[in-house]
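Following: one structure in structure tokens, then a few remarks.
The values are calculated or read from the model by the stated rules, or taken from the named source; none is laboratory data. No experiment lies behind these values; they were computed from the predicted model shown. Using ideal geometry, Cβ is built from the backbone for each residue, glycine included, and neighbour counts are taken over all protein chains shown. Ligands, DNA and RNA are stripped out before the accessible areas are found, and what is left, the full protein with its side chains, is counted by its heavy atoms. Shrake-Rupley method; radii C 1.70, N 1.55, O 1.52, S 1.80 Å.
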Amino acid sequence: MSFAVKIETCPQCRSRKTENLVRVEPGCPVRVYVRCSECGAFVARYTLERYTSDKPYESLLKFSRRGGCSIASRSHAQELEGFSKKIETEFKETTEAPFTELKVEEIICELKR
Amino acid sequence: MKLGWRIFFVTLSAAAFAGICFAPIPGMDTAARHTLAVFVLALILWVSEAIPLYIASLVIAALLSIFVAQHLPVADYKIFLAPFFSPVILLFLGGFVLARGLESYGLDSVLASAILRKVGKKPAAILAGFMGVTALLSMWMSNTAATALMIAVALPLIRSIDEKDPMRIGLLLCIPFSANLGGMATPIGTPPNAIAIAALRDAGVQINFLEWMGIALPATLILLVLAWILILILFRPKTKALSFSLHKAKKLGWKEWVVLTTLLVTVLGWLTGRFHRIPDAIVALLPALIFFSLGLLRRKDFRSLGWDVLILMGGGLALGKAVAVSGLDKWLVTSLGMEGLPPVALFVGFILLTVVLTNFISNTSSAALIVPLTMGFAGGSNSLVVGVALAASASMLLPVSTPPNAIAFGSGLLKVKHMFRTGIIVAVIAIGVILMFGLVIWPRLGII
């Protein structure tokens with residue numbers, strides 16, 4: 001398996017309705033707390049390397065301003081050029097993939113093995 | 001790049017290195033031959049980008065230390081490591097800290113908005129405003145960061161312009177072009193400038209911050225004006241007046257004032273080096289001392305400075321050093337029969353070679369490869385070295401030529417043909433202006 005997709009499920013009530021609470025704090029990476037919309041239980045926490053909104057190009061501009069791509073290399077330029085397209089393609093691929101019932105920890109272990 | 005290609009290029013570079021190291025080349029001593037081997041390896045790795053550019057730099061430093069140092073009259077490998085902390089690297093580090101301070105406190109946006117508020121509503125004036133501000137910012141911060149900021153400012157305006165109005169394309173194109181051109185004007189504008197300064201310094205020619213600006217700023221201004229005229233001709237605006245909104249002027253707090261004052265004092269320190277005699281590289285430490293001591297920037301900021309750029313530059317400088325101390329530059333000049341060529345032909349040849357190369361590989365790598373070769377002629381023409389550095393910034397043709405172009409292209413509003421058609425004319429104009437300055441103006445004024 002090259003990648004796996006799982007819909008988060010509440011460990012308490014098994015609901016699939018969740019809310020993302022995005023926590024932005026100076027000096028820390030952005031963290032996303034996932035809360036169950038039904039019972040309010042904690043579902044998961046993600047630490048973000050980079051945040052990309054529904055406007056990937058604007059996200060790219062913010063990232064580039066922070067010196068995220070400082071060397072004028074061809075590979076870097078190609079990466080920038082394909083930034084929005086890559087996100088679009090990955091999103092489509094993710095939504096179309098069959099969902100797994102494995103736990104995220106299990107998927108991570110399996111894919112990293 | 002796929003793993004197979006990476007392995008192919010790494011193997012090719014290793015084979016070329018070994019082949020040249022062990023091949024008997026008539027009239028070439030061991031140090032020069034080994035340096036040539038490292039040079040060819042660097043060429044393959046930097047052009048192919050089979051491994052990250054900065055890692056290639058470390059490989060270069062290691063190979064020079066192992067294979068070249070022992071064959072030099074004074075065998076000391078440290079001469080190939082010293083460039084990684086040379087004055088120009090320190091100068092660049094200071095520039096990075098300054099830029100990070102400006103960006104962190106939004107002062108780059110404040111400066112851009114303050115100038116753009118004054119440009120009025122005429123499309124030509126707005127275009128000039130965006131070009132001027134982008135160039136001004138890229139003189140002090142990375143071309144990529146300046147482009148990202150200015151495109152973010154310009155996007156709402158661009159989207160408000162009628163889709164059939166060529167001004168949309170013109171406005172979007174002018175930003176990366178101005179960033180590339182603006183980088184030429186100061187030693188910290190872009191790494192090729194620093195590579196040229198370091199190479200000249202090693203040859204005994206000292207160029208301080210103000211002197212570089214005296215040499216490069218007039219050429220930059222002329223190029224900007226010509227690029228502005230060209231964009232107005234190629235993308236003639238249909239609208240008579242445009243209005244755009246900028247964010248409200250931000251009220252500056254004490255931290256912002258400290259950053260601004262530090263910027264002014266540092267720039268003043270760089271421009272007045274002749275009077276106070278403090279080297280530019282030492283002046284460059286001031287922003288780091290102030291920003292980090294006062295807690296205006298944190299360790300996270302320090303760790304995310306452009307260390308990859310500095311390492312890449314260090315490798316380029318080490319290679320340049322090796323080419324000079326091993327005598328490879330002199331060997332190339334004499335054995336390739338270039339000594340008898342007229343200086344004008346050499347100048348034109350090197351500038352053309354640089355412009356072609358820089359449109360396909362990193363501008364830093366282009367300068368790092370070509371500047372050492374020009375040093376063989378440096379006794380006759382220091383302006384050639386500066387010309388090559390400026391030409392390395394003429395990456396205008398393709399989205400992949402340089403990140404500023406890629407950022408503009410990433411908007412989805414540009415087509416490659418727009419960038420190529422305009423960029424090739426700007427590149428030709430740049431070649432013309434650099435030749436004019438390098439062959440006529442700088443020598444006549446005796447400033448290099």
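Numbers below:
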| item | result |
| --- | --- |
| Probe 1.4 Å - accessible area at residue B:418, Å² to nearest ten | 40 Å² |
| Dipole magnitude (debye, nearest 20) for the protein assembly as shown, charges at Cβ of Lys, Arg, Asp, Glu | 1480 debye |
| Cα-based shape type of segment B:18-97, given that a ≥ b ≥ c are square roots of the gyration tensor eigenvalues and the cut on a/c is 1.5 | oblate |
| Within a Gaussian network of chain B (alpha carbon springs, distance under 10 Å), most fluctuating of B:193, B:359, B:180 | B:359 |
| Ranked order, B:46, B:140, B:257 - accessible area, probe 1.4 Å, largest first | B:257, B:140, B:46 |
| Accessible area of segment B:219-371 belonging to carbon and sulfur atoms, whole % at 1.4 Å probe | 70 percent |
| Cβ-defined net charge surrounding residue B:92, 15 Å radius [Lys, Arg +1; Asp, Glu -1] | 0 |
| Test item: B:397-403 mean partner chain Cβ contacts at 10 Å | 6 |
| Degrees, to the nearest 10: B:363-374 long Cα axis against longest axis of chain B | 40 degrees |
| Size of electric dipole in chain B: Cβ of Lys, Arg +1 and of Asp, Glu -1, about Cα centre, debye, nearest 20 | 1540 debye |
| Dipole of the protein assembly as shown [Lys/Arg +1, Asp/Glu -1 at C-beta], most positive-end residue of B:161, B:305, B:106 | B:161 |
| Kirkwood hydrodynamic radius over Cα pairs of the protein assembly as shown, then Stokes diffusion coefficient at 37 °C and 0.692 mPa s, in µm²/s | 130 µm²/s |
| Inter-chain Cβ neighbour average for residues B:144-152, partner chain, 10 Å | 6 |
| Segment B:73-220 - charge dipole about Cα centre, Lys and Arg +1 at Cβ, Asp and Glu -1, debye rounded to 20 | 420 debye |
| Extension gain from residue B:264 to residue B:251, taking 0.36 nm per residue of separation minus the Cα-Cα distance | 2.8 nm |
| Mean accessible surface per residue for segment A:18-112, computed with a 1.4 Å probe while every protein chain stays in place, in Å² | 68 Å² |
| A:57, A:46, B:105, ranked by accessible area, largest first (probe 1.4 Å) | A:46, B:105, A:57 |
| Residue B:14-residue B:277 pseudo-label distance in nm [points 7 Å out on the Cα-to-Cβ vector] | 5.3 nm |
| At least 30 Å² of accessible area lost relative to the chain alone, listed for segment A:37-63 with a 1.4 Å probe | A:57, A:58, A:61 |
| Principal axis dimensions, largest first and in whole angstrom, of segment B:284-358 by Cα | 58, 27, 19 |
| Solvent exposure ordering (accessible area, 1.4 Å, most first) of B:228, B:442, B:254 | B:254, B:228, B:442 |
| Estimated buried accessible area (total), pair B and A, 1.4 Å, Å² to nearest 100 | 2500 Å² |
| Under 11 Å, Cβ to Cβ, from residue B:35 - net charge with Lys/Arg +1 and Asp/Glu -1 | 0 |
| Candidates B:86, B:104, B:411: whichever shows maximal mean-square fluctuation once chain B is modelled as a Gaussian network with Cα springs under 10 Å | B:411 |
| Portion, in percent, of the accessible area of segment A:18-112 that falls on carbon or sulfur, probe 1.4 Å | 53 percent |
| Part-to-part distance (alpha-carbon centres) for segment B:1-66 and segment B:166-206, which is given in Å | 28 Å |
| Partner chain coverage, peptide B:292-301 - average Cβ within 10 angstrom | 1 |
| Inter-site label distance for residue A:49 and residue B:163 at 7 Å from Cα along Cβ, in nm | 3.6 nm |
| Kirkwood Rh and Cα Rg combined as Rg/Rh, segment A:18-112 | 1.02 |
| Area accessible to solvent at residue A:55, 1.4 Å probe radius, in Å² | 110 Å² |
| Cα lying deepest toward the dipole's positive end in the protein assembly as shown, options A:42, B:34, B:245, charges on Cβ | B:245 |
| Pairs of alpha carbons in chain B whose separation is greater than 32 Å (percent) | 39 percent |
| Rounded to the nearest 10 Å², the accessible area of residue A:16 at probe 1.4 Å | 120 Å² |
| Rounded, prolate or oblate (a/c below 1.5 giving rounded, otherwise prolate when a/b exceeds b/c) for segment B:294-448 by Cα gyration tensor | oblate |
| Among B:95, B:151, B:221 - extreme Cα towards positive end, dipole of the protein assembly as shown, charges at beta-carbon | B:151 |
| Computed FRET value (nearest 0.05) for residue A:12 with residue B:2, which takes r as the C-beta separation and R₀ as 41 Å | 0.35 |
| Residue of B:282, B:361, B:370 that the Gaussian network model of chain B assigns the largest fluctuation, springs spanning Cα pairs under 10 Å | B:282 |
